[in-house]
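Here is the structure we will look at.
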Amino acid sequence: MGIPLSVPTFSGKESEYVQDCIATGWVSTAGSYVTRFEDAICEYTGAKHAIAVNSGTSALHMALLVSGVEAGDEVIVPAMTFISTANAVKYAGAEPIFADCTDDFSLDIPQVLTFLKHQDIKLDGIWNKTSKQRIRAIMPVHLYGNAVELTELISFCHQHDVVVIEDAAESLGTFYSKGDELVSTGIQGDLGCFSFNGNKIITSGGGGMIVTSNDAYAERLRHLTTQAKIDAVYYVHDEVGYNNRMTNLSAALGLAQLEQIESFISQKAQHFARYQERLSSCPWVQLASYPENLRSNYWFFTLKLNDAGSSEARDSLINKLFENNIQVRPAWRPLHLQTPYLEIQCLELAKTMELWESMICLPCSPGLKDTEIDKIAEVIGS
Ligand SMILES: *Cc1c(COP(=O)(O)O)cnc(C)c1O
(Lines give C-alpha, C1' and ligand atoms only; values in the text may rest on other atoms or scores of the structure.)
Protein backbone atom coordinates (compact mmCIF):
# COMPACT_ATOMS: atom_id res chain seq x y z
CA MET A 1 0.00 0.00 0.00
CA GLY A 2 1.27 3.41 -0.93
CA ILE A 3 0.86 6.77 0.74
CA PRO A 4 -1.87 8.86 -0.93
CA LEU A 5 -1.58 12.61 -1.45
CA SER A 6 -4.78 13.66 0.30
CA VAL A 7 -7.64 11.43 1.41
CA PRO A 8 -10.49 12.20 3.80
CA THR A 9 -10.96 10.94 7.35
CA PHE A 10 -14.47 9.93 8.43
CA SER A 11 -14.42 9.76 12.20
CA GLY A 12 -17.49 11.75 13.19
CA LYS A 13 -21.21 11.55 12.55
CA GLU A 14 -20.95 10.93 8.78
CA SER A 15 -22.76 7.57 8.81
CA GLU A 16 -25.37 8.70 11.29
CA TYR A 17 -26.34 11.78 9.26
CA VAL A 18 -26.30 10.01 5.88
CA GLN A 19 -28.35 7.11 7.29
CA ASP A 20 -30.81 9.66 8.60
CA CYS A 21 -31.32 11.04 5.06
CA ILE A 22 -32.02 7.55 3.76
CA ALA A 23 -34.29 6.61 6.66
CA THR A 24 -36.38 9.77 6.24
CA GLY A 25 -36.36 9.69 2.43
CA TRP A 26 -34.77 13.17 2.18
CA VAL A 27 -31.91 12.42 -0.17
CA SER A 28 -32.27 15.04 -2.89
CA THR A 29 -31.88 18.81 -3.20
CA ALA A 30 -34.21 19.72 -0.36
CA GLY A 31 -33.90 18.69 3.26
CA SER A 32 -32.77 19.86 6.64
CA TYR A 33 -29.07 19.00 6.22
CA VAL A 34 -28.69 21.47 3.36
CA THR A 35 -29.92 24.29 5.59
CA ARG A 36 -27.96 23.05 8.59
CA PHE A 37 -24.76 22.85 6.54
CA GLU A 38 -25.33 26.37 5.17
CA ASP A 39 -25.98 27.73 8.67
CA ALA A 40 -22.91 25.97 10.04
CA ILE A 41 -20.72 27.48 7.29
CA CYS A 42 -22.09 30.95 8.15
CA GLU A 43 -21.29 30.38 11.78
CA TYR A 44 -17.80 29.02 11.12
CA THR A 45 -16.75 31.70 8.63
CA GLY A 46 -18.75 34.66 9.87
CA ALA A 47 -20.49 34.95 6.47
CA LYS A 48 -23.96 36.48 6.33
CA HIS A 49 -25.32 34.11 3.66
CA ALA A 50 -24.18 30.70 2.46
CA ILE A 51 -25.69 28.89 -0.54
CA ALA A 52 -24.83 25.21 -1.00
CA VAL A 53 -24.18 23.98 -4.54
CA ASN A 54 -23.05 20.76 -6.20
CA SER A 55 -19.37 21.66 -6.74
CA GLY A 56 -16.77 24.33 -6.16
CA THR A 57 -16.74 24.88 -9.91
CA SER A 58 -20.44 25.66 -10.05
CA ALA A 59 -20.02 27.92 -7.02
CA LEU A 60 -17.53 29.98 -9.06
CA HIS A 61 -19.76 29.92 -12.14
CA MET A 62 -22.87 31.04 -10.25
CA ALA A 63 -20.91 33.73 -8.37
CA LEU A 64 -19.72 35.18 -11.68
CA LEU A 65 -23.25 35.19 -13.11
CA VAL A 66 -24.92 36.94 -10.18
CA SER A 67 -22.16 39.53 -9.96
CA GLY A 68 -23.07 40.69 -13.45
CA VAL A 69 -20.19 39.24 -15.50
CA GLU A 70 -21.45 38.99 -19.07
CA ALA A 71 -20.35 37.74 -22.46
CA GLY A 72 -17.40 39.81 -23.66
CA ASP A 73 -16.31 40.90 -20.18
CA GLU A 74 -12.85 40.07 -18.87
CA VAL A 75 -11.89 38.62 -15.51
CA ILE A 76 -8.40 38.62 -13.95
CA VAL A 77 -7.40 35.18 -12.69
CA PRO A 78 -4.01 33.92 -11.45
CA ALA A 79 -2.23 31.58 -13.87
CA MET A 80 -1.26 29.42 -10.88
CA THR A 81 -4.56 27.75 -9.95
CA PHE A 82 -6.72 24.73 -10.66
CA ILE A 83 -8.26 25.06 -14.11
CA SER A 84 -11.83 25.45 -12.90
CA THR A 85 -11.20 29.07 -11.88
CA ALA A 86 -10.69 29.96 -15.55
CA ASN A 87 -13.29 27.50 -16.82
CA ALA A 88 -15.96 29.23 -14.72
CA VAL A 89 -15.06 32.52 -16.43
CA LYS A 90 -15.54 30.82 -19.80
CA TYR A 91 -18.89 29.31 -18.74
CA ALA A 92 -20.06 32.88 -18.02
CA GLY A 93 -19.07 33.84 -21.59
CA ALA A 94 -16.19 36.01 -20.38
CA GLU A 95 -12.43 35.83 -21.03
CA PRO A 96 -9.76 35.37 -18.37
CA ILE A 97 -6.59 37.49 -18.17
CA PHE A 98 -3.76 35.66 -16.39
CA ALA A 99 -1.78 37.34 -13.62
CA ASP A 100 1.29 36.22 -11.67
CA CYS A 101 1.49 35.00 -8.09
CA THR A 102 3.77 35.72 -5.14
CA ASP A 103 6.13 33.39 -3.27
CA ASP A 104 3.11 32.44 -1.17
CA PHE A 105 1.30 31.20 -4.34
CA SER A 106 -1.25 33.99 -4.01
CA LEU A 107 -2.37 36.46 -6.65
CA ASP A 108 0.27 39.20 -7.07
CA ILE A 109 -1.87 42.13 -5.95
CA PRO A 110 0.69 44.90 -6.70
CA GLN A 111 1.03 43.56 -10.26
CA VAL A 112 -2.74 43.49 -10.74
CA LEU A 113 -3.16 47.02 -9.35
CA THR A 114 -0.41 48.39 -11.58
CA PHE A 115 -2.00 46.72 -14.60
CA LEU A 116 -5.47 48.07 -13.77
CA LYS A 117 -4.18 51.60 -13.22
CA HIS A 118 -2.69 51.57 -16.74
CA GLN A 119 -5.98 50.68 -18.44
CA ASP A 120 -8.78 53.07 -19.49
CA ILE A 121 -10.39 54.03 -16.22
CA LYS A 122 -13.83 55.44 -17.06
CA LEU A 123 -16.92 56.34 -15.05
CA ASP A 124 -18.52 53.01 -15.95
CA GLY A 125 -15.57 50.83 -15.03
CA ILE A 126 -12.13 49.78 -16.23
CA TRP A 127 -11.61 48.96 -19.91
CA ASN A 128 -8.71 46.90 -21.23
CA LYS A 129 -6.60 49.10 -23.54
CA THR A 130 -5.53 46.12 -25.64
CA SER A 131 -8.82 44.28 -26.16
CA LYS A 132 -11.19 47.26 -25.58
CA GLN A 133 -13.30 45.00 -23.36
CA ARG A 134 -14.45 45.78 -19.85
CA ILE A 135 -12.58 44.20 -16.92
CA ARG A 136 -15.52 43.24 -14.78
CA ALA A 137 -14.12 41.03 -12.01
CA ILE A 138 -11.02 39.69 -10.27
CA MET A 139 -10.74 36.24 -8.78
CA PRO A 140 -7.99 35.95 -6.15
CA VAL A 141 -7.32 32.30 -5.30
CA HIS A 142 -6.16 31.21 -1.85
CA LEU A 143 -3.85 28.31 -2.66
CA TYR A 144 -2.45 25.44 -0.62
CA GLY A 145 -3.54 26.72 2.79
CA ASN A 146 -2.23 30.21 2.15
CA ALA A 147 -4.31 33.32 1.64
CA VAL A 148 -3.90 36.64 -0.02
CA GLU A 149 -4.70 39.84 1.89
CA LEU A 150 -7.35 41.68 -0.12
CA THR A 151 -8.09 44.95 1.65
CA GLU A 152 -6.19 47.17 -0.79
CA LEU A 153 -7.43 45.36 -3.90
CA ILE A 154 -11.04 45.44 -2.74
CA SER A 155 -10.97 49.15 -1.97
CA PHE A 156 -9.55 49.95 -5.43
CA CYS A 157 -12.00 47.61 -7.19
CA HIS A 158 -15.01 49.05 -5.42
CA GLN A 159 -14.10 52.57 -6.55
CA HIS A 160 -14.18 51.35 -10.15
CA ASP A 161 -17.06 48.91 -10.23
CA VAL A 162 -14.93 45.77 -10.44
CA VAL A 163 -16.24 42.75 -8.52
CA VAL A 164 -13.96 40.62 -6.31
CA ILE A 165 -14.83 36.92 -6.19
CA GLU A 166 -12.62 34.86 -3.89
CA ASP A 167 -11.80 31.35 -5.02
CA ALA A 168 -11.53 29.98 -1.50
CA ALA A 169 -12.00 26.38 -2.70
CA GLU A 170 -8.89 25.24 -0.82
CA SER A 171 -8.98 27.61 2.11
CA LEU A 172 -11.88 26.80 4.41
CA GLY A 173 -10.35 27.06 7.89
CA THR A 174 -7.69 29.58 6.88
CA PHE A 175 -8.17 32.84 8.78
CA TYR A 176 -6.32 36.15 8.67
CA SER A 177 -5.21 37.16 12.16
CA LYS A 178 -6.15 40.78 12.64
CA GLY A 179 -5.26 41.80 16.18
CA ASP A 180 -7.16 39.41 18.40
CA GLU A 181 -9.62 38.65 15.65
CA LEU A 182 -9.61 35.86 13.09
CA VAL A 183 -11.23 36.72 9.76
CA SER A 184 -12.14 33.86 7.45
CA THR A 185 -11.03 33.71 3.84
CA GLY A 186 -13.93 33.98 1.40
CA ILE A 187 -15.86 36.68 3.24
CA GLN A 188 -13.91 39.82 2.35
CA GLY A 189 -14.74 39.88 -1.36
CA ASP A 190 -18.20 40.45 -2.85
CA LEU A 191 -18.58 36.68 -3.06
CA GLY A 192 -16.47 33.73 -1.91
CA CYS A 193 -16.53 30.10 -3.06
CA PHE A 194 -15.56 26.96 -1.15
CA SER A 195 -15.18 23.38 -2.46
CA PHE A 196 -15.92 20.12 -0.67
CA ASN A 197 -14.39 17.80 -3.24
CA GLY A 198 -12.86 14.60 -1.84
CA ASN A 199 -9.34 16.00 -1.44
CA LYS A 200 -10.26 19.31 0.19
CA ILE A 201 -9.99 20.05 3.94
CA ILE A 202 -13.53 18.71 4.42
CA THR A 203 -15.62 16.81 1.90
CA SER A 204 -19.27 16.34 1.03
CA GLY A 205 -18.36 13.83 -1.68
CA GLY A 206 -18.70 16.66 -4.16
CA GLY A 207 -20.03 20.10 -3.42
CA GLY A 208 -19.41 23.76 -2.93
CA MET A 209 -20.65 26.78 -1.03
CA ILE A 210 -21.00 30.42 -2.04
CA VAL A 211 -20.79 33.00 0.74
CA THR A 212 -21.76 36.66 0.50
CA SER A 213 -22.96 39.53 2.63
CA ASN A 214 -25.06 40.89 -0.25
CA ASP A 215 -28.76 40.05 0.25
CA ALA A 216 -29.65 40.48 -3.42
CA TYR A 217 -26.83 38.17 -4.56
CA ALA A 218 -27.91 35.54 -2.04
CA GLU A 219 -31.52 35.62 -3.16
CA ARG A 220 -30.57 35.43 -6.82
CA LEU A 221 -28.14 32.57 -6.17
CA ARG A 222 -30.90 30.50 -4.58
CA HIS A 223 -33.10 31.26 -7.56
CA LEU A 224 -30.56 30.57 -10.31
CA THR A 225 -29.31 27.31 -8.79
CA THR A 226 -32.84 25.87 -8.55
CA GLN A 227 -33.82 26.24 -12.24
CA ALA A 228 -35.12 29.81 -11.70
CA LYS A 229 -38.46 28.44 -10.53
CA ILE A 230 -40.95 31.02 -9.26
CA ASP A 231 -43.95 28.76 -8.74
CA ALA A 232 -43.54 25.33 -7.18
CA VAL A 233 -46.98 24.03 -8.19
CA TYR A 234 -47.34 25.24 -11.77
CA TYR A 235 -43.59 25.18 -12.48
CA VAL A 236 -43.18 28.70 -13.72
CA HIS A 237 -39.60 29.74 -14.53
CA ASP A 238 -38.59 33.32 -15.25
CA GLU A 239 -35.16 32.78 -16.84
CA VAL A 240 -32.73 30.04 -17.85
CA GLY A 241 -31.71 28.55 -14.51
CA TYR A 242 -29.38 25.76 -13.45
CA ASN A 243 -29.72 22.52 -11.53
CA ASN A 244 -26.79 23.19 -9.25
CA ARG A 245 -28.07 22.74 -5.71
CA MET A 246 -26.37 20.43 -3.24
CA THR A 247 -28.20 17.22 -2.28
CA ASN A 248 -29.23 16.50 1.30
CA LEU A 249 -27.01 13.38 1.22
CA SER A 250 -23.96 15.50 0.38
CA ALA A 251 -24.88 18.12 2.94
CA ALA A 252 -25.23 15.43 5.64
CA LEU A 253 -21.70 14.26 4.90
CA GLY A 254 -20.40 17.83 4.70
CA LEU A 255 -21.97 18.87 7.99
CA ALA A 256 -20.49 15.87 9.81
CA GLN A 257 -17.08 16.78 8.33
CA LEU A 258 -17.37 20.45 9.25
CA GLU A 259 -17.95 19.44 12.88
CA GLN A 260 -14.40 17.97 12.79
CA ILE A 261 -12.56 20.62 10.80
CA GLU A 262 -10.60 22.01 13.74
CA SER A 263 -9.37 18.55 14.66
CA PHE A 264 -8.31 17.90 11.02
CA ILE A 265 -6.40 21.18 11.04
CA SER A 266 -4.60 20.41 14.28
CA GLN A 267 -3.65 16.94 13.01
CA LYS A 268 -2.31 18.51 9.82
CA ALA A 269 -0.41 21.15 11.81
CA GLN A 270 1.33 18.33 13.70
CA HIS A 271 2.17 16.55 10.44
CA PHE A 272 3.61 19.79 9.10
CA ALA A 273 5.79 20.25 12.18
CA ARG A 274 7.11 16.69 11.84
CA TYR A 275 7.90 17.22 8.15
CA GLN A 276 9.72 20.43 9.08
CA GLU A 277 11.82 18.64 11.62
CA ARG A 278 12.58 15.62 9.40
CA LEU A 279 13.38 17.71 6.33
CA SER A 280 15.58 20.21 8.15
CA SER A 281 18.63 18.10 7.29
CA CYS A 282 17.99 18.27 3.50
CA PRO A 283 19.55 21.55 2.39
CA TRP A 284 18.46 21.16 -1.23
CA VAL A 285 14.76 21.39 -0.42
CA GLN A 286 12.67 23.79 1.56
CA LEU A 287 9.29 23.07 3.05
CA ALA A 288 7.25 26.22 2.41
CA SER A 289 5.98 27.74 5.63
CA TYR A 290 2.71 29.59 5.94
CA PRO A 291 2.56 33.39 6.18
CA GLU A 292 2.63 34.70 9.74
CA ASN A 293 -0.48 36.82 9.42
CA LEU A 294 -2.53 33.65 8.94
CA ARG A 295 -4.05 30.84 10.93
CA SER A 296 -3.63 28.38 8.07
CA ASN A 297 -5.78 25.31 7.46
CA TYR A 298 -2.54 23.49 6.40
CA TRP A 299 -4.37 22.12 3.36
CA PHE A 300 -1.32 21.18 1.28
CA PHE A 301 2.34 20.90 2.19
CA THR A 302 4.58 22.25 -0.53
CA LEU A 303 8.24 21.58 -1.01
CA LYS A 304 10.50 23.85 -3.07
CA LEU A 305 13.70 22.59 -4.61
CA ASN A 306 16.40 25.17 -4.07
CA ASP A 307 18.10 26.33 -7.30
CA ALA A 308 15.99 24.06 -9.49
CA GLY A 309 16.43 26.19 -12.62
CA SER A 310 14.44 23.72 -14.70
CA SER A 311 11.78 21.11 -14.11
CA GLU A 312 14.22 18.19 -14.39
CA ALA A 313 15.18 18.08 -10.71
CA ARG A 314 11.50 18.31 -9.79
CA ASP A 315 10.59 15.44 -12.09
CA SER A 316 13.36 13.20 -10.85
CA LEU A 317 12.25 13.78 -7.25
CA ILE A 318 8.64 13.03 -8.23
CA ASN A 319 9.79 9.80 -9.90
CA LYS A 320 11.84 8.75 -6.92
CA LEU A 321 8.83 9.26 -4.62
CA PHE A 322 6.52 7.41 -7.04
CA GLU A 323 8.93 4.46 -7.11
CA ASN A 324 8.45 4.30 -3.35
CA ASN A 325 4.66 4.39 -3.71
CA ILE A 326 4.44 7.90 -2.35
CA GLN A 327 1.88 9.99 -4.19
CA VAL A 328 2.98 13.57 -4.86
CA ARG A 329 2.37 16.09 -7.62
CA PRO A 330 3.82 19.33 -8.91
CA ALA A 331 2.14 22.71 -8.41
CA TRP A 332 -0.92 23.43 -10.56
CA ARG A 333 0.19 23.46 -14.18
CA PRO A 334 -0.05 27.16 -15.10
CA LEU A 335 -3.19 27.90 -17.07
CA HIS A 336 -1.49 29.71 -19.96
CA LEU A 337 0.16 26.35 -20.78
CA GLN A 338 -3.19 24.53 -20.98
CA THR A 339 -4.68 23.85 -24.43
CA PRO A 340 -7.90 25.89 -24.03
CA TYR A 341 -5.98 28.93 -22.80
CA LEU A 342 -2.95 29.24 -25.07
CA GLU A 343 -4.17 32.48 -26.66
CA ILE A 344 -5.11 34.33 -23.46
CA GLN A 345 -3.67 37.72 -22.50
CA CYS A 346 -1.03 37.27 -19.78
CA LEU A 347 0.77 39.66 -17.46
CA GLU A 348 4.41 38.81 -16.63
CA LEU A 349 4.32 35.27 -15.15
CA ALA A 350 7.88 34.81 -13.87
CA LYS A 351 7.02 33.68 -10.34
CA THR A 352 4.33 31.32 -11.59
CA MET A 353 6.86 29.60 -13.86
CA GLU A 354 9.49 29.46 -11.13
CA LEU A 355 7.07 27.77 -8.72
CA TRP A 356 5.76 25.44 -11.40
CA GLU A 357 9.28 24.24 -12.16
CA SER A 358 10.51 23.89 -8.60
CA MET A 359 7.63 22.77 -6.42
CA ILE A 360 5.94 19.56 -5.36
CA CYS A 361 3.00 18.84 -3.05
CA LEU A 362 3.55 16.20 -0.35
CA PRO A 363 1.09 13.76 1.25
CA CYS A 364 -0.97 15.69 3.80
CA SER A 365 -4.07 13.69 4.81
CA PRO A 366 -5.23 14.23 8.40
CA GLY A 367 -4.79 10.48 8.96
CA LEU A 368 -1.13 10.45 7.84
CA LYS A 369 1.09 8.49 10.24
CA ASP A 370 4.35 9.66 11.78
CA THR A 371 6.11 6.62 10.34
CA GLU A 372 4.85 7.58 6.88
CA ILE A 373 6.22 11.13 7.23
CA ASP A 374 9.54 9.69 8.35
CA LYS A 375 9.63 7.43 5.29
CA ILE A 376 8.78 10.29 2.91
CA ALA A 377 11.52 12.47 4.41
CA GLU A 378 13.96 9.58 4.15
CA VAL A 379 13.22 9.09 0.44
CA ILE A 380 13.55 12.84 -0.21
CA GLY A 381 16.87 12.87 1.64
CA SER A 382 18.25 9.77 -0.05
C1 LIG B 1 -10.86 22.23 -6.02
C2 LIG B 1 -10.76 23.59 -6.60
C3 LIG B 1 -11.82 24.15 -7.35
C4 LIG B 1 -13.01 23.39 -7.83
O5 LIG B 1 -13.77 22.73 -6.91
P6 LIG B 1 -14.61 21.43 -7.32
O7 LIG B 1 -15.44 21.19 -6.12
O8 LIG B 1 -13.62 20.33 -7.59
O9 LIG B 1 -15.43 21.77 -8.53
C10 LIG B 1 -11.67 25.46 -7.78
N11 LIG B 1 -10.58 26.18 -7.50
C12 LIG B 1 -9.53 25.67 -6.82
C13 LIG B 1 -8.36 26.54 -6.53
C14 LIG B 1 -9.59 24.35 -6.35
O15 LIG B 1 -8.54 23.84 -5.69
What relative contact order, as a whole-number percentage, does the chain give when Cα pairs under 8 Å and 6 or more residues apart are counted?
24 percent
Quick one: Karplus J couplings for the stretch 353-361, per residue in order, coefficients 6.51, -1.76, 1.60, θ = phi - 60°, nearest Hz, x for Gly and Pro?
5, 4, 5, 4, 7, 10, 10, 9, 9
Return P(r) of the chain (all Cα-Cα pairs; 10 Å bins starting at 0; whole %; ordered from short to long distances).
5, 23, 31, 25, 12, 3, 0
Protein chains only, probe 1.4 Å: how do Ile380, Ile22 rank by accessible area, largest first?
Ile22, Ile380
So, taking all protein chains as they sit and a 1.4 Å probe, how much accessible area belongs to Val233, in Å² rounded to tens?
110 Å²
Based on the Kirkwood radius over alpha-carbon pairs, what is the Stokes-Einstein translational diffusion coefficient of the stretch 117-172 at 20 °C with 1.002 mPa s viscosity, in µm²/s?
174 µm²/s
In percent, how large is the relative contact order of the stretch 36-113, given Cα pairs closer than 8 Å and 6 or more residues apart?
24 percent
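So what is the 222 nm mean residue ellipticity for the chain from helices alone, if each DSSP H run of at least 4 adds -39500 (n - 2.57) and you divide by all residues, rounding to the nearest 500 deg cm²/dmol? Show your work: numbers first, answer last.
Details: 12 runs with 136 residues, N = 382.
So the helix-based figure for the chain works out to -11000 deg cm²/dmol.
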The stretch 261-381: radius of gyration over Cα atoms, expressed as a fraction of 2.2 N^0.38 Å
1.14
How much of the accessible area of the stretch 261-381, probe 1.4 Å, is carbon plus sulfur, in whole percent?
46 percent
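So what is the accessible area of the stretch 221-316 per residue, in Å², with the probe set to 1.4 Å?
Numbers: 4750 Å² over 96 residues.
Accessible area per residue: 49 Å².
Of the beta bridges DSSP finds with both residues in the chain, what % are antiparallel, to the nearest 5?
Details: 34 of 50 bridges.
Counting only bridges with both partners in the chain, antiparallel ones make up about 70 percent.
Only Cα pairs under 8 Å and at least 6 apart count here; give the relative contact order of the stretch 93-158 as a rounded whole percent. Before the final figure, lay out the partial values.
Values: 53 pairs, mean separation 18.5, N = 66.
This gives 28 percent for the stretch 93-158.
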Val53's amide H: which non-local residues (gap 5+, or another chain) put their own amide H closer than 5 Å, with H modeled 1.01 Å from N in plane and none for Pro or chain starts?
Gly208, Met209, Ile210, Met246
Using a 1.4 Å probe over the heavy atoms of the protein chains, calculate the carbon and sulfur portion of the accessible area of the stretch 14-258 as a whole percent.
52 percent
For the stretch 1-140, whose charge dipole is built from +1 on Lys and Arg Cβ atoms and -1 on Asp and Glu Cβ atoms, the candidate among Tyr33, Asn54, Leu116 with its Cα farthest towards the positive end is Leu116
At a probe size of 1.4 Å, how large is the accessible area of His142, to the nearest 10 Å²?
0 Å²
With a 1.4 Å probe and every protein chain left in place, tell me how much accessible area Glu354 has, in Å² to the nearest 10.
90 Å²
Sorted by average packing, counted as other Cβ atoms within 10 angstrom per residue and highest first, what order do 27-36, 110-119 take?
27-36, 110-119
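Would you mind checking Lys351/Lys375; Lys90/Lys117; Lys48/Lys129; Lys90/Lys178; Lys320/Lys369; Lys48/Lys117 for any pair whose Cα atoms are more than 27 angstrom apart? All intermediate terms of the calculation are to be shown ahead of the outcome.
On the way: Lys351/Lys375 31 Å; Lys90/Lys117 25 Å; Lys48/Lys129 37 Å; Lys90/Lys178 35 Å; Lys320/Lys369 20 Å; Lys48/Lys117 32 Å.
Flagged as over cut-off: Lys351/Lys375; Lys48/Lys129; Lys90/Lys178; Lys48/Lys117.
The values are calculated or read from the model by the stated rules, or taken from the named source; none is laboratory data. A quick note: this is a predicted structure, and the numbers were derived from the prediction, not measured. With ideal geometry, Cβ positions are generated from the backbone for all residues, glycine too; neighbour counts draw on all protein chains shown. Ligands, DNA and RNA are excluded from the accessible area calculation, which covers all protein heavy atoms including side chains. Shrake-Rupley method; radii C 1.70, N 1.55, O 1.52, S 1.80 Å.
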